[in-house]
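Take a look at the structure set out below.
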Amino acid sequence: MQEVIRRDETSPGRRATEGFPLRAYFGMSVATVLWASNTVAVKLAVQQIPPLALTSLRVTLAAITLAAAHWITGGMFYVRPGERANLFKLSLTGVALSFLFLTTGLSYTSVSHAVFINALVPMAVLLIARAHGMERITAPKVAGLLLSLGGVLALVMDHGGGRAAGWKGDLLIMISVSCFALFTVESKKLGTSHSPLEFTAFAFIAAAVTLTPLFAFQAPRVDWNGVTWIAWAGLLYSAVFGSAGAYLTYTFSLRLLPPSRAAAFHYMQPVLATFFGVAIFHDRFTAQFALGATLILAGLAITRQRWLTTP
């Protein structure tokens, strides 16, 4: 399969991919587990803290965690003048908007629906890469795309797969997926000029600043005394592990792998998060949910097969 970003055989990125595949794959696996459990943490928190306030708190706590880690390790922040606009754009799309749409979407739909729609990140990466002229769309890829879209349609029409499953939340999760896919493709170009920790910390700090007005707007309307320890624990876990930890390991591993291959690790998220959803929120499997999930994974599998997709 043609990768989203081509590397020269003698480039440092190429040697890193060949020399440290296990480290890259391990990092992606850790990020995937953190993101899968993060969906549950956000769902727990958003039941008591409104989406705007929750997103701002989550991003701000993650930014503080990352900035502290960067400072402890002796890092310095340095952004070249020509990079500032792109870095702020990445922080807006890949962090602020992606988090906001995901959090809001989880207040309208189930964990099971959210994670299977979120599994479409590789497909979104493919389409965005094509728009950037980095990828060619072949007939098998089109077939995989149509299958996955059919799966999304089946999920949208399924209202029995879990409590609070609905099309509004599913649509918001799809928008979140698009934002993160754009971050995946664009950060591949820019992230190589900064350490993973510096790049991730800057993205979260910029996103926290962007979200501050939203928090100021909603915070006075929140009954903070009524928020239980479960919601606070969900927020803390989501910020430190599900956000800062996951993005850091993801960004580090993305440096060693092409974006389309890195995004393929999202396959593991639906299985893990659906298990959590069943155990914690009592999500139920229906025939329509099973059909939608199967179509999404089948479409992604077809798109990822090298022997089918090589032009």
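The values are calculated or read from the model by the stated rules, or taken from the named source; none is laboratory data. If you're wondering where the values come from, they're calculated on a predicted model, not measured in any experiment. Heads up, the Cβs are rebuilt from the backbone with ideal geometry, glycines too, and the neighbour counts pull from every protein chain shown.
Flag not set for Val42, criterion: among the β-branched types (Val, Ile, Thr), modelled with pLDDT of 90 or more, buried (at least 23 other Cβ atoms within 10 Å of the Cβ) and over 27 Å from Phe289 (Cβ atoms).
Return a yes/no flag: does region 67-75 have any residue that is touching a helix residue (DSSP H, G or I) at 6+ places or on another chain (Cβ under 7 Å) and of a type in the set (A, V, I, L, M). Scanning region 67-75 turns up at least one residue that is touching a helix residue (DSSP H, G or I) at 6+ places or on another chain (Cβ under 7 Å) and of a type in the set (A, V, I, L, M).
Which one is surrounded by the fewest Cβ atoms within 10 Å (Cβ to Cβ) among residues in region 60-85 that are at pLDDT below 85 and within 20 Å of Ala96 (Cβ to Cβ)? Across region 60-85, the extreme among qualifying residues is Ala85.
Residues of region 197-213 include at least one that is surrounded by fewer than 22 Cβ atoms within 10 Å (Cβ to Cβ), charged (D, E, K, R) and closer than 11 Å to Leu66 by Cβ.
Within region 97-117, the set of residues being crowded, with 24+ Cβ neighbours inside 10 Å, of a type in the set (A, V, I, L, M, F, W, C), under 23 Å from Ala53 (Cα atoms) and within 13 Å of the chain's Cα centre (by Cα) comprises Phe99, Leu100, Leu102, Ala114, Val115.
Determine whether region 236-243 contains at least one residue that is part of a helix (DSSP H, G or I) and at pLDDT below 80. No, every residue in region 236-243 fails to be part of a helix (DSSP H, G or I) and at pLDDT below 80.
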